[in-house]
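Report on the structure given below.
The values are calculated or read from the model by the stated rules, or taken from the named source; none is laboratory data. Model, not experiment: these values are computed from the prediction. Here Cβ is always computed from backbone atoms with ideal geometry, including for glycine, and neighbour counts include all displayed protein chains.
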Amino acid sequence: MRFRPLILAFALVAALVTVVPTNSGPAQAAAADRWGFALVDNPTVPTWTVLNTTRQWGSWKPGFPGLWALGGKIAAGRFQVRFPQVGTSVPGIVHVTPVNRTGHYCEVVNSGPAGTDQLVVVQCHAPGGTPSDTAFTILWTLSSGIVPVSQGTHAYVRSTAAGGIVQAYNSTGGGVGVLPGPPGQYQVTLAGVGGTAGPAGNLQVTAISTAGAPRRCKFANWGPSGLDIVAIVTCFNQAGVLTATEFNLSYHRERSVIGSFAPPKFFGYFSPFGGQTNFNYPIGFGVNTLSGGPVWQLVYPQLAVTETHAQVVAQGTGPEYCHLTWPWTYVGLDANVSIICFNNAGTVVPYRFLSTFTSKD
């Protein structure tokens, strides 16, 4: 059965949807103009420490091969990341995935330029909401231009807590809409980015709190409506209560989570929908394999090509959340990603999730 948008769950009319037509430009294989990713595997290092060089890369590298992403702790649970030579006043989007077995979670505090660099501040919390350090992965990306759908699709939006659009991008040139519902619930529509054979592609979402308040977001549901992708985003506070929250959401189909293609030519994504939500380039559909539970082991065949990056988000109703158990490993040519999920109290539970993985190449 095809997904049906849950508009009836929202006490609003369609006329209230904020729709932003995205910018156009020449067709191109690569959509991401500027980007960077990193793994913060030690969240207590001082500023500015070089972050793990086997798990970071960015669009600055061709012009500045000797520069690396830097970071450092600036307060309890708060860490700042600097991506060099990609600074811009255009916000772009940030995704963050915690890496731990303790149930700590993270949100973005802010992101912006510092001279020629891009700075991102991340705040993390222990279950219950106390600021506390944890490892995490981070991706910042900014895209423009129209890409033929035959080369895959990519779209994103930064939404305010009230459902207003701060910035949006759609590689098809179509619109992006956000429909706020009851507190902490949003319907996001990405026009024309979906596939033709049911659910396809991958979504990620990350909470934003400029005050550093404990927040996390996930997907209650998502899927196709014609060629559009419709997602129900839900956001929670430390008590597991639905709470109006700013967020970054992105979608990619047959492209990497960065938004580009060729490069990267080694990437994949996975969700429990199966079908075209289980994709691996260059191999194809249905080859990424999941085992275990409640600590899941996800294998991306032939994607152990350094340098690499992973993001995870939970899918389902309720305040449960998911992230990386520990940094991913390589076994031969395969990348092994371990995923763990928690209830609001920080107890490990089996749960659905969306995972995405990419190399720089």
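Taking the criterion of being hydrophobic (A, V, I, L, M, F, W, C) and outside any strand (DSSP E or B), would at least one residue in the stretch 78-91 satisfy it? Even if it seems obvious, please write down each step before you answer.
Residues of the stretch 78-91 hydrophobic (A, V, I, L, M, F, W, C): 79, 81, 83, 86, 90.
With outside any strand (DSSP E or B) added as a condition, the list becomes 86, 90.
Scanning the stretch 78-91 turns up at least one residue that is hydrophobic (A, V, I, L, M, F, W, C) and outside any strand (DSSP E or B).
Tally up the residues in the stretch 103-120 that are within 17 Å of the chain's Cα centre (by Cα) and surrounded by fewer than 19 Cβ atoms within 10 Å (Cβ to Cβ), please.
Going through the stretch 103-120 one residue at a time, the tally reaches 1.
Quick one: would you say Tyr330 is among the hydroxyl-bearing types (Ser, Thr, Tyr), under 18 Å from His95 (Cα atoms) and modelled with pLDDT of 95 or more? Don't jump to the end; show me each part of the working.
On the way: among the hydroxyl-bearing types (Ser, Thr, Tyr): yes; under 18 Å from His95 (Cα atoms): no; modelled with pLDDT of 95 or more: yes.
So Tyr330 fails the test.
Just to be sure I understand the filter: pairs with C-beta atoms under 8 Å, separated by 6 or more residues or on different chains, first member in the stretch 149-174 and in the same structural domain as Thr210 (by TED's automatic domain parsing) and crowded, with 19+ Cβ neighbours inside 10 Å, second member outside any loop (DSSP other than H, G, I, E, B) and basic (Lys, Arg). Which pairs pass?
Partner pairs satisfying both residue conditions: Gly152/Arg253; Thr153/Arg253; His154/Arg253; Ala168/Arg158.
Just one of Ala32, Ala9, Ala14 is under 23 Å from the mean Cα position of the chain (by Cα), of a type outside the set (Asp, Glu) and modelled with pLDDT under 95; which is it? Lay out the reasoning, then the answer.
Numbers: Ala9 fails: under 23 Å from the mean Cα position of the chain (by Cα); Ala14 fails: under 23 Å from the mean Cα position of the chain (by Cα).
Ala32 is the lone residue from the list that is under 23 Å from the mean Cα position of the chain (by Cα), of a type outside the set (Asp, Glu) and modelled with pLDDT under 95.
Being farther than 27 Å from His125 by Cα and either basic (Lys, Arg) or assigned to a strand (DSSP E or B) (or both): is that true of Lys61 here?
Numbers: farther than 27 Å from His125 by Cα: yes; either basic (Lys, Arg) or assigned to a strand (DSSP E or B) (or both): yes.
Criteria met by Lys61.
For the stretch 216-234, how many residues are more than 19 Å from Ile138 (Cα to Cα) and in contact with a Phe, Trp or Tyr (Cβ under 9 Å, 6 or more places away or on another chain)?
11
Listed here are the residues, each with its yes/no results for (1) in contact (Cβ under 8 Å) with a residue 12 or more places away in the chain; (2) small (Gly, Ala, Ser); (3) outside the structural domain of Trp60 (by TED's automatic domain parsing); (4) under 19 Å from Tyr156 (Cα atoms).
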{"site": "Ala239", "(1), (2), (3), (4)": "yes, yes, yes, no"}
{"site": "Tyr251", "(1), (2), (3), (4)": "yes, no, yes, yes"}
{"site": "Ile258", "(1), (2), (3), (4)": "yes, no, yes, yes"}
{"site": "Pro272", "(1), (2), (3), (4)": "yes, no, yes, no"}
{"site": "Thr277", "(1), (2), (3), (4)": "yes, no, yes, yes"}
{"site": "Tyr281", "(1), (2), (3), (4)": "yes, no, yes, no"}
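Can you confirm whether Val313 is over 27 Å from Pro148 (Cβ atoms), in contact (Cβ under 8 Å) with a residue 60 or more places away in the chain and of a type in the set (A, V, I, L, M)? Walk me through how you get there before you give the answer.
Details: over 27 Å from Pro148 (Cβ atoms): yes; in contact (Cβ under 8 Å) with a residue 60 or more places away in the chain: yes; of a type in the set (A, V, I, L, M): yes.
Taking the combined requirement at face value, the residue satisfies it.
Listed residues Asn52, Asn42; which is in contact with an Asp or Glu (Cβ under 7 Å, 6 or more places away or on another chain) and either farther than 23 Å from Ser143 by Cβ or modelled with pLDDT under 95 (or both)? Outline the logic, then answer.
On the way: Asn42 fails: in contact with an Asp or Glu (Cβ under 7 Å, 6 or more places away or on another chain).
Just a single option satisfies the conditions, and that option is Asn52.
Kindly provide the set of residues from the stretch 317-361 that are within 18 Å of the chain's Cα centre (by Cα), assigned to a strand (DSSP E or B) and farther than 27 Å from Phe285 by Cβ, ordered by number.
Tyr321, the sole residue that qualifies.
So is Leu303 assigned to a loop (DSSP other than H, G, I, E, B), among the hydrophobic types (A, V, I, L, M, F, W, C) and crowded, with 17+ Cβ neighbours inside 10 Å or not? It would help to see each step written out before you state the result.
Numbers: assigned to a loop (DSSP other than H, G, I, E, B): yes; among the hydrophobic types (A, V, I, L, M, F, W, C): yes; crowded, with 17+ Cβ neighbours inside 10 Å: yes.
Criteria met by Leu303.
Could you please give the count of residues in the stretch 249-278 that are in a strand (DSSP E or B), under 28 Å from Val108 (Cα atoms) and out of contact with any Cys (no Cβ under 9 Å at 6 or more places or on another chain)? Show your work before the answer.
Kept after step one, since they are in a strand (DSSP E or B), are these residues of the stretch 249-278: 249-253, 267-270, 276.
This time we only want the ones that are under 28 Å from Val108 (Cα atoms), so: 249-253, 267-270.
Checking which are out of contact with any Cys (no Cβ under 9 Å at 6 or more places or on another chain) leaves us with 250-253, 267-270.
Selection size over the stretch 249-278: 8.
Among the candidates Leu39, Leu67, single out the residue that is in a loop (DSSP other than H, G, I, E, B) and hydrophobic (A, V, I, L, M, F, W, C).
Numbers: Leu39 fails: in a loop (DSSP other than H, G, I, E, B).
Going through Leu39, Leu67 in turn, just one is in a loop (DSSP other than H, G, I, E, B) and hydrophobic (A, V, I, L, M, F, W, C): Leu67.
Suppose we keep only residues that are of a type in the set (S, T, N, Q) and assigned to a strand (DSSP E or B) within the stretch 179-205. Which one would you say is surrounded by the fewest Cβ atoms within 10 Å (Cβ to Cβ)?
Of the residues in the stretch 179-205, the ones of a type in the set (S, T, N, Q) are 185, 187, 189, 196, 202, 204.
If we keep only those that are assigned to a strand (DSSP E or B) too, we end up with 185, 187, 189, 202, 204.
Working: Gln185: 19, Gln187: 24, Thr189: 22, Asn202: 30, Gln204: 25.
So the residue we want is Gln185.
Quick one: which of Gly25, Gly72, Gly103 is part of a loop (DSSP other than H, G, I, E, B), modelled with pLDDT of 95 or more and not hydroxyl-bearing (Ser, Thr, Tyr)?
Working: Gly25 fails: modelled with pLDDT of 95 or more; Gly72 fails: part of a loop (DSSP other than H, G, I, E, B).
Just one listed residue meets the conditions, Gly103.
Applying the selection to the stretch 151-166, what residues are of a type in the set (S, T, N, Q) and touching a Lys or Arg at 6+ places or on another chain (Cβ under 9 Å)? Don't jump to the end; show me each part of the working.
First, the residues of the stretch 151-166 that are of a type in the set (S, T, N, Q): 151, 153, 159-160.
Gln151, Thr153 - these are the residues of the stretch 151-166 that are of a type in the set (S, T, N, Q) and touching a Lys or Arg at 6+ places or on another chain (Cβ under 9 Å).
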